[in-house]
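Below is one structure, written out as structure tokens, with a few remarks after it.
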Amino acid sequence: MKRSTTILTAILTSVLAIAVSAQRGGRGGAPGQQGTPTPPGPPRVEELKKEVAADIETMKVATQQMVDQVFSFGELGFQEFETSKYLTGILEKNGFRIERGFAGIPTAWVATWGNGKPVIALGSDIDDIPQASQKPGVGYHDPIIEGAPGHGEGHNSGVPLNVTAALAVKKIMEREKLPGTLKLWPGVAEELVGAKMYYIRAGMFRDVDVNLFAHVGSNLGVSWGAGFGTGLQSVEYTFTGESAHAAAQPWRGRSALDAVEMMDIGWNFRREHLRLQQRSHSVIVNGGDQPNVVPPNASVWYYFRETDYPHIKELREIGDAMAKAAAMMTNTEVTSRILGAAWPQHMNKTVAETMYTNIQNIGLPKWDDADITLAKGIQRELKQPQIGLATQIGQLRGGLDPEQNMGGPSDDIGDVSWNVPTATLGYPANIPNLPGHNWANAIAMATPIAHKGVTAGAKVQAMTVIDLLMRPELVQQAWDYFRNVQTKDQKYIPFISDKDQPALWLNEKIMQKYGPEMKKLYYDPTKYKTYLEQLGIKYPTVR
Ligand SMILES: [Zn+2]
């Protein structure tokens, strides 16, 4: 008894530690097997990797400007219009061919440069978090615009990292006449897990040999195999009844809001008898207009999360049954539509091992006193251990026993990982011990912490691209793992049907409300060195 309690405690403790350090599943530090970092390549490859890293060091100002600029746009999922215009503009100026409006999503794009094989894709997310507006460099809650969205996940940094890496690699490819194609793409609406399955359906990865993803974290890291975390289906249920005067003739009404409440009550009772691994949560998006009108329509939006495909499917089926039952109880009708979905992630062993060798070579940025003061300031504010910033890179882990996965967050990079060998680079642009999806996670994201973290990450990403371009045996090994280990018994089945369409309307109203005010505060690099300078913030400002 005692032994199993201790093991469970250990598992839960590590789940919590990972949740706060990485924010999302499948990244660094998970227990399981150790990986073996890929040995160095031939001398010429290692020379070019050193050169590309040194070049990225000289690109620091351009990288910082991109990070700050996207931070200042602060756009929510499916509404990343300024962000996408800006990033594709830079890539186009540098000779990339841009395909806009990819998969019928106006803010999605693919930027391609080069010729022939291998095709290396570089992706990262670009959307932000509702109500996470926050002054960068200030170690307590202080919104730039009260109630506005903000980069409370740090998605302003990943594509700037990939652009930096790609531009540096491109120079070397041109000079050395290296064959190969670079393909950059943005994770639109990742917070809604809303786009990547549509990218797959539209063929974005059909010709891709390896996909390198980048996600902000508080350390440099990569892992392989199935990590901690879940996949999910995001489903909106809409009930329809009949309105009536709620006091004069309530018996003539059929309340759609009652149905929503009955569904929520039913689900929360059922929750006790679901697997411990599941995570489910909902918000009422339409609860009626005013109390004296029986609500004729109402909607509730659920995320159904589980650790593997069959369980995710089953959880949604339970949700559908609850909705049907609630409609019967209230004499209303119900329809549902899928707003997003994500497969649980499975990262490629060879790609992760190759990336890890480059992580070891680059190491963590040198933090200065100001960086550490800001980190400790917000950790103190949130009553978390004041550990400052990462000082040691994590281990290369993978091959986690699925039984040990007790659930957690999701990321639709999972879908991509089941279609092409993929690994996610975690890079140290944020502060450890933050809650995630919160204003606190925006504090570091337009400060030297993010700038240094992105430069370090760009070096690792670029070096890994050089490895993959010049060492075809690595691409071969990655596909061996993908075909013979990862997808041997489990093939990708999309959660969307051929008819489902991206939920492009989401967040439209919020951006209409806050966009005009936010626009006045877009970063202007022609006038200010940094966004901190433009906002007149002393770095760091802590209590
Ligand atoms: Zn994210």
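The values are calculated or read from the model by the stated rules, or taken from the named source; none is laboratory data. Because the structure is a prediction, the values reported are computed rather than measured. In this analysis, Cβ positions are derived from the backbone assuming ideal geometry, glycine residues included, and neighbour counts consider all displayed protein chains.
Any chance the range 405-424 includes a residue that's over 25 Å from GLU306 (Cβ atoms) and modelled with pLDDT of 95 or more? Give the steps one after another, and end with the answer.
Just the residues of the range 405-424 that are over 25 Å from GLU306 (Cβ atoms), to begin with: none.
No, the conditions are met nowhere in the range 405-424.
Say we look at the range 398-424 and pick out the residues that are outside any loop (DSSP other than H, G, I, E, B) and out of contact with any helix residue (DSSP H, G or I) (no Cβ under 9 Å at 6 or more places or on another chain); which of these is surrounded by the fewest Cβ atoms within 10 Å (Cβ to Cβ)?
Applying the filter and picking the extreme gives GLU403.
Among the residues of the range 481-507, which ones are surrounded by 13 or more Cβ atoms within 10 Å (Cβ to Cβ) and acidic (Asp, Glu)?
Within the range 481-507, just ASP500 meets the criteria.
Name the pairs whose Cβ atoms lie under 8 Å apart, with the first residue in the range 143-162 and free of Cβ contacts under 8 Å to residues at least 40 places away in the same chain, the second not basic (Lys, Arg), and 6 or more positions between them or separate chains?
So the pair list comes out as GLU146/SER133.
Every residue in the range 226-242 that is modelled with pLDDT under 95 and more than 16 Å from the ligand (Cβ to nearest atom), please.
The answer is ALA226, and nothing else.
Could you tell me which numbered condition ALA148 fails, if it satisfies all but one of (1) in contact with an Asp or Glu (Cβ under 8 Å, 6 or more places away or on another chain); (2) more than 16 Å from the ligand (Cβ to nearest atom); (3) within 20 Å of ARG380 (Cα to Cα)?
(3)
Considering the range 336-387 alone, what residues qualify as being aliphatic (A, V, I, L, M), surrounded by fewer than 24 Cβ atoms within 10 Å (Cβ to Cβ) and part of a helix (DSSP H, G or I)?
To start, the set of residues in the range 336-387 that are aliphatic (A, V, I, L, M) comprises 338-339, 341-342, 347, 351-352, 355, 359, 362, 364, 370, 372, 374-375, 378, 382, 387.
From the residues that got through so far, the ones that are surrounded by fewer than 24 Cβ atoms within 10 Å (Cβ to Cβ) too are 338-339, 362, 364, 370, 372, 382, 387.
Correct list: ILE362, ALA370, ILE372.
Quick check on the range 184-225: of everything there that is over 18 Å from MET463 (Cβ atoms), among the charged types (D, E, K, R) and away from the ligand (no atom under 16 Å from the Cβ), which residue is nearest to the chain's Cα centre (by Cα)?
ARG201
Which of the residues that make up the range 425-438 are more than 15 Å from ILE393 (Cα to Cα) and buried (at least 24 other Cβ atoms within 10 Å of the Cβ)? Can you show your working first?
Filtering the range 425-438 for residues more than 15 Å from ILE393 (Cα to Cα) gives 433-438.
The answer is LEU434, and nothing else.
For the range 511-537, which positions are over 22 Å from SER157 (Cβ atoms) and either in contact (Cβ under 8 Å) with a residue 60 or more places away in the chain or in contact with a strand residue (DSSP E or B) (Cβ under 6 Å, 6 or more places away or on another chain) (or both)?
Matches in the range 511-537: GLU517 only.
Given (1) more than 16 Å from the ligand (Cβ to nearest atom); (2) part of a loop (DSSP other than H, G, I, E, B); (3) under 21 Å from the mean Cα position of the chain (by Cα), where does VAL110 come up short, assuming only one miss?
For VAL110, the failing item is (2).
Which of the residues belonging to the range 313-332 are over 30 Å from GLY32 (Cα atoms), surrounded by 15 or more Cβ atoms within 10 Å (Cβ to Cβ) and touching a strand residue (DSSP E or B) at 6+ places or on another chain (Cβ under 6 Å)?
Answer for the range 313-332, where residues must be over 30 Å from GLY32 (Cα atoms), surrounded by 15 or more Cβ atoms within 10 Å (Cβ to Cβ) and touching a strand residue (DSSP E or B) at 6+ places or on another chain (Cβ under 6 Å): GLY319, ALA323, ALA327, THR332.
Among (1) closer than 21 Å to PRO494 by Cα; (2) not in a helix (DSSP H, G or I); (3) not basic (Lys, Arg), where does TYR199 come up short?
With respect to (1) closer than 21 Å to PRO494 by Cα; (2) not in a helix (DSSP H, G or I); (3) not basic (Lys, Arg), TYR199 is out only on (2).
Any chance the range 483-503 includes a residue that's more than 30 Å from VAL119 (Cβ to Cβ) and of a type in the set (Ser, Thr, Tyr)? Explain how you work it out, then say what you get.
Within the range 483-503, the first condition is being more than 30 Å from VAL119 (Cβ to Cβ), and the residues that meet it are none.
No, the range 483-503 contains no residue that is more than 30 Å from VAL119 (Cβ to Cβ) and of a type in the set (Ser, Thr, Tyr).
Please indicate, with yes or no, whether at least one residue in the range 88-100 is within 25 Å of the chain's Cα centre (by Cα), among the hydroxyl-bearing types (Ser, Thr, Tyr) and part of a strand (DSSP E or B).
no
When you scan the range 457-493, how many residues do you find that are outside any helix (DSSP H, G or I), under 23 Å from the mean Cα position of the chain (by Cα) and within 21 Å of LYS183 (Cβ to Cβ)?
1
Could you list all residues from the range 314-347 that are under 22 Å from the mean Cα position of the chain (by Cα) and without any contact (Cβ under 8 Å) to a residue 60 or more places away in the chain?
Within the range 314-347, none qualify.
Would you mention how many residues in the range 397-415 are within 16 Å of the ligand (Cβ to nearest atom) and not aliphatic (A, V, I, L, M)?
Qualifying residue count for the region: 7.
Name the single residue that is nearest to MET322 (Cα to Cα) among those in the range 244-274 being part of a loop (DSSP other than H, G, I, E, B), of a type in the set (A, V, I, L, M, F, W, C) and touching a helix residue (DSSP H, G or I) at 6+ places or on another chain (Cβ under 9 Å).
Of everything passing the filter in the range 244-274, LEU274 is nearest to MET322 (Cα to Cα).
Residues in the range 151-178 that are within 16 Å of the ligand (Cβ to nearest atom) and part of a loop (DSSP other than H, G, I, E, B): how many? Let's see the steps before the verdict.
Quick first cut of the range 151-178, residues within 16 Å of the ligand (Cβ to nearest atom) only: 151-162.
Subsequent filtering for residues that are part of a loop (DSSP other than H, G, I, E, B) retains 151-157.
Residues that pass the stated criteria total 7.
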